[in-house]
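These notes concern the structure reproduced below.
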Amino acid sequence: MNENGIGASVRRKEDQRFLIGKGNYTDDINVAGQTHAVFVRSPHAHAEIKGIDCSDALAAPGVVAVLTGDDLAADGIGPLICGVTVTSDDGEPHRAPAHPALAQGKVNYVGDHVAIVIAETRAQARDAAELVDVDYNVLPAVVDTSSAADSGQPQIHEVAPDNVCYNWPFGDKDGVEAAFAGAHKVSKLDLVNNRMVTNPMEPRAALGEYNPGTDEITLHLTTQNPHVHRLVLSAFNQLAPEHKLRVVGPDVGGGFGAKIFVYAEELVVGWACRKIKRPVKWNGDRSEAFLADAHGRDHVSTAEMAMDENGKFLAMRVQTQANLGAYLSTFSTMVPSYLYAFLLAGQYSTPLIYSEVKAVFTNTAPVDACRGAGRPEATYLVERLVDICAADMGLDPAEIRRRNFIPVDAFPYQTPVVQCYDSGDYPAALDKAMELADYSGFSARAEEAKSRGKLRGIGLSSYVEACGIAPSAAVGQLGAGVGLWESAQVRFNPTGNVQVFTGTHSHGQGHETTFAQLVCDQLGVPIENIEVIHGDTAKTQFGMGTYGSRSLAVGGVAIARACDKLIAKGKKIAAHALEAAEGDIEFADGNFSVAGTDKAMNIAEVAFTAYVPHSYPEGVEPGFDENAFFDPTNFSFPAGTHICEVEVDPDTGVVEVVKYSAVDDFGKLINPMIVEGQVHGGIAHGVGQALLEGCSYDSEGQLITASYMDYAMPRADNLPCFDIDYAPTNPPDNPLGVKGCGEAGAIGAPPAVINAISNALGVRHIDMPATPETVWRAAQQAAAVSS
Amino acid sequence: MYEFNYRKVASVAAATEAMQQAEDGKFMAGGQTMLPTMKHRLASPSDLIDLGGVAELTGISVENENLIVGAMTTHAAVAASAEVQQAIPALARLAGNIGDPAVRNRGTLGGSIANHDPAADYPAAVIALGATVQTSKRAISAEEFFTGMFETALEDDEIVTSVSFPLPEAAAYMKFENPASRYAIVGVFVAKTGGEVRVGVTGATACAHRGLRLEAALGGELDAGGIDAVELPVEQMNSDIHASAEYRAHLVKVMTKRAVEACQ
């Protein structure tokens, strides 16, 4: 094995600059003549704007401009778009209300954008923003997910009667009903998937510069996908033609989905810098992140499973109401539909599945993808329901899973809900996880805990997810406005070092190391001679960016394909130089050699020859620089079993996660250390959702959890040391044999935690977040029932 | 943050004078509440009088069976102090668990009690230990010092200079933390001093207070057997998204029992 190649835990190349404070984030960038922007935001969840008086703000010290929705409309900029169409049950596309980047006559959530105030300093802009006098006529607000579509609720958008964006039935309704009618037993569960604030460490920011000499706008953004931003801002928001707009995503401090989307602030900053002919910087603060970053999850569901007398799943039926917030964020419509209902088979061979999703508008922040996006909601529902089924059938939770797992020899496995799983060995992961967790020793540990007055519980979660998004043809059929291939360019410089340009974007994932390892492994170039470049539309070829655990599974393959092209070209060059037939040239460990001889030439020499082609094969182009685009033929389906063990203090309701074991199938690991880090972060995110994170609005639509004083993020002392292992399979659809790993923990963990708490308390269900008071009340009720 | 005048003073007398001259002045100790409040534009004093340079306000000593802690002594200094660890180890532990390291290295005893956040830790200790708050003008008993939510007996130009804690025979603090802010949802400090057992409660209600019903149930003994039967006034308890009044009332009893057990 190449010591820095595939499978090596190479220390992250990018960490040098982060650890010495030399990261280069959007707010670190300052340019001559820069102004500072502050947004005037709605303090009301739902209100008409009767008038905006900017005169005092314009007269305030240092103010350069105050711009409103009228200015934006006059220039024909916007509105913001949602890029995925979902067809509602009436055959019409989902209801898509206008989404102006600055409010035009109405605001629809607390934090909605009303005006931009631009001044010489940030403090001046803030002072002046308070002087913008907005005359609001406050309207009653719709906040609650489950009742948003009830009759009598205020209507938020004219185009969406009853606040419904779409009703989306999916699956064989008649078949499912027949199976339920003939079932031995039906298990049922009502559950809520709690709303989350995504909370990347770096708040969003934008810096816009306009060059009147070239008529070009440069936008530095906190983005996970610079080209997608450029495309949407150009093609749909009329900001500037694509070739006159440069989008740079420099170092970005975490995304978790929240930085995929094209936000109002980004469009407005880009437009304003041209309008005032000066650079404009907006640096969002944490309060703005809570109010106006896209939130995640927020489902209310009923799930039912029909079983035969052996606990075999016959059919599943799901009703979900999903909150999309006040407007449709960029990819919002697909999250509770395609990314959710297509995963409802889980790891099981349930033959019939029917779901109805009603997506609703409320006067809350827009909801869109957040780490896992739809798959955590599906997994939580399936894995909670399976535990209920086990209880109703009197089976061990592991046993009912085993009885219903898709058999190992059934892969590739076509589920009844579109997806065709690539590879999997679900019993292997379960077995390994049970061993890691010492499942059989649990009852002794529970007894010991009881002697200390603690209730100990254990919970399983056998998840599967679909990532590595996505085959362009498949998403096109589903209504996506883009293809989801990925691109790469691998360029040798004449001196033999390599620059790898990827269309993905790294904002914590460690691509600069993982992708360098791929190239190091394939081309035999020392890893220190490889640089990975991403995030700048002026440097890299068009790429689709990073989300849905796609960077390695899709972008990594594009890099490998570009390397293949270099090797093929190198063989021609080497054959000429070594005076051999091209067919006799072999490539290994960075050397082109003539088979059966000791004649060889290093790839660096080949590169040099390609740039100094004094003696060169006929018909071969000079240069050693190849690009490739890879469009996957299938999604990637990571899977695994996570086992959580908790101790509950019945006197206070405090839950301690005392043991957490995870066995995942991510296919081949390129950098096991980085993968382990992703698993750790994902589990922390999932435990956070299960125990701590509950985004909460009051009945008037004011965000109660608007700071870290009230919104609880998981911290180190909320988590145990994790026991992690792998049960890899080889996905036949992926040329590198890899699967995505970035979201798995956040998908697998929540049901494992809640299953463990339910087990500890001996209750049927407890909703997330399982806060101390929630758990204490459940413990009180359980004790009352048993006594 | 709005504009304000920053005044750095070197003595209590200078601080008092600066306050008297200010239109709407505020004393700042560690600034761990004051500065975030100002940054959020929720407070806008005309003058911020920084007590950080007043040397006479810092220091820890034991005199006449009393632990005396200067008002500007940081939580970190109290937590790390050998004198405090020996004299009232429960107080050192309390200080060592306030906020986070940044807060502990800036925040002070005087700042904490003068601010009187109803979820702060120190007020429970000051009350249960029967401490005396020494100010620039007078000595105030613990029970008279805390008067309401974010309110104390201090006058506008009055500065806490030190707190004097009588040394207890046994003491313990039990805190039930808000999972987000890590402030006390409920904090109970139990101390046995001179044959009397006192209970200081923070977080539960609008104002840190003596748990007189709990003390009655203890009857001067470190025996928590009677605590379960105590009926606390649920209607006086705070209620928020993290803990209802009923749950808080329950937690006061649980934390009291645990503090009593920890005293033994």
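Brief remarks on what is shown
- Residue-normalised convex hull volume from the C-alpha trace of the protein assembly as shown: 197 Å³ per residue.
- Annotation: Cα Rg of region A:485-630 relative to the compact-globule expectation 2.2 N^0.38 Å equals 1.06.
- For chain A: relative contact order, % (alpha-carbon pairs under 8 angstrom, 6 or more apart): 15
- Distance in nm between pseudo-label sites at A:Val408 and A:Glu447 (7 Å out along the Cβ direction from Cα): 3.4
- Modelled label positions at B:Ala102 and A:Tyr611, each set 7 Å beyond Cα in the direction of Cβ, lie 4.6 nm from each other.
- Region A:21-79 and region B:185-240: distance between their alpha carbon centers, rounded to Å: 52
- Full-stretch length increase - B:Ala80, B:Thr147 - with 0.36 nm per residue and alpha-carbon distance subtracted: 21.1 nm
- Cα-projected label distance for A:Ser146 with B:Glu63, points at 7 Å along beta-carbon direction, nm: 6.3
- Ordered from longest to shortest, the equivalent ellipsoid semi-axes for region B:5-50 are 19, 12, 6 Å, each the square root of 5 times a Cα gyration tensor eigenvalue.
- For peptide B:173-183, the mean count of partner chain Cβ atoms within 10 Å of a residue's Cβ comes to 4.
- Cα centre as origin, Lys/Arg/Asp/Glu Cβ charges: region B:170-263 dipole, Debye: 260
- Residues whose amide H lies under 5 Å from that of A:Val64, counting only those 5 or more places away or on a different chain, are A:Ile118, A:Ala119, A:Glu120; hydrogens are built 1.01 Å from N in the peptide plane.
- Charge dipole of chain A (Cα centre as origin; +1 on each Lys and Arg Cβ, -1 on each Asp and Glu Cβ, all else neutral): 340 debye, rounded to the nearest 20.
- Residues A:Asp298, A:Asp649 in ascending order of nearby Cβ atoms (within 10 Å, fewest first): A:Asp649, A:Asp298.
- Förster-model FRET efficiency, 45 Å R0, B:His40 and A:Asp564, C-beta, rounded to 0.05: 0.20
- Calculated on alpha-carbon atoms, Rg and Dmax of region A:272-406 in Å: 20.0, 73
- Calculated on alpha-carbon atoms, Rg and Dmax of region A:633-773 in Å: 17.1, 54
- Positive-pole candidate from A:Gly457, A:Gly257, A:Gly623, dipole of chain A, charges at beta carbon: A:Gly623
- Nonlocal amide H pairs with A:Gly694, under 5 Å, H built at 1.01 Å: A:Ala712
- Karplus 3J(HN,Hα) series, Hz, for region A:727-733 with 6.51 cos²θ - 1.76 cosθ + 1.60 (x for Gly, Pro): 10, x, 10, 10, x, x, 7
- With the cut-off at under 18 Å, measuring from each backbone N in region A:647-670 to a point 7 Å along the Cα-to-Cβ line of B:Glu261 picks out A:647-656.
- Report summary: the helix-based calculation at 222 nm, which adds -39500 (n - 2.57) for every DSSP H run with n ≥ 4 and divides by the residues of chain B, gives -8500 deg cm²/dmol.
- Distribution of pairwise C-alpha distances over chain B, 10 Å bins, in %: 7, 31, 36, 19, 6, 0
- Between A:Ser699 and A:Val620, full extension at 0.36 nm per residue minus the direct alpha carbon distance yields a gain of 21.4 nm.
- Residue (of A:Leu191, A:Thr222, A:Gln155) at the positive-pole extreme of region A:148-229, dipole from beta-carbon charges: A:Leu191
- What the phi angles of region A:109-115 give under the Karplus curve with 6.51, -1.76 and 1.60, with θ = phi - 60°, is a coupling list of 7, 5, x, 4, 8, 10, 7 Hz, glycine and proline written as x.
- About its Cα centre, the dipole of region A:109-215 is roughly 560 debye, where the only charges are +1 on Lys and Arg Cβ and -1 on Asp and Glu Cβ.
- Distant-in-sequence amide H partners of A:Ala480 (H built 1.01 Å from N, under 5 Å): A:Thr85
- Calculated [222 nm] ellipticity per residue, helices only, for chain A: -8500 deg cm²/dmol; basis is -39500 (n - 2.57) per DSSP H run with n ≥ 4, divided by all residues, nearest 500.
- Subset of A:Lys454/B:Lys257; B:Lys8/B:Lys137; A:Lys244/A:Lys277; A:Lys432/A:Lys659; A:Lys668/A:Lys739 violating a 18 Å alpha-carbon distance limit: B:Lys8/B:Lys137
- Subset of A:Lys106/A:Lys275; A:Lys13/A:Lys281; A:Lys22/A:Lys571; A:Lys539/A:Lys569; A:Lys106/A:Lys358 violating a 32 Å alpha-carbon distance limit: A:Lys22/A:Lys571
- Taking the three principal axes of the alpha carbon atoms in region B:193-242, the coordinate ranges are 38, 22, 15 Å, sorted in descending order.
- Region B:58-166: translational diffusion in µm²/s, Stokes-Einstein, Kirkwood Rh over Cα pairs, 37 °C, 0.692 mPa s: 243
- Gyration tensor over the Cα atoms of region A:116-189: the corresponding equivalent ellipsoid has semi-axes (square roots of 5 times the eigenvalues, largest first) of 50, 17, 12 Å.
- Alpha-carbon spread of region B:170-263, three principal axes, descending order, Å: 39, 24, 21
- Calculated Rg and Dmax of region A:53-140 using C-alpha coordinates, Å: 16.7, 55
- Estimated at 0.36 nm per residue, the fully extended path between A:Asp75 and A:Ile276 surpasses their Cα-Cα distance by 71.1 nm.
- Karplus (6.51, -1.76, 1.60) ³J(HN,Hα), θ = phi - 60°, over region A:441-458, in Hz, Gly and Pro reported as x: x, 4, 4, 5, 5, 5, 4, 5, 5, 4, 5, 9, x, 10, 9, 9, x, 10
Read the figures in this text as sums done on the coordinates, not as results from a lab. The structure presented is a predicted model; accordingly, all values stated were derived computationally and were not measured. With ideal geometry, Cβ positions are generated from the backbone for all residues, glycine too; neighbour counts draw on all protein chains shown.
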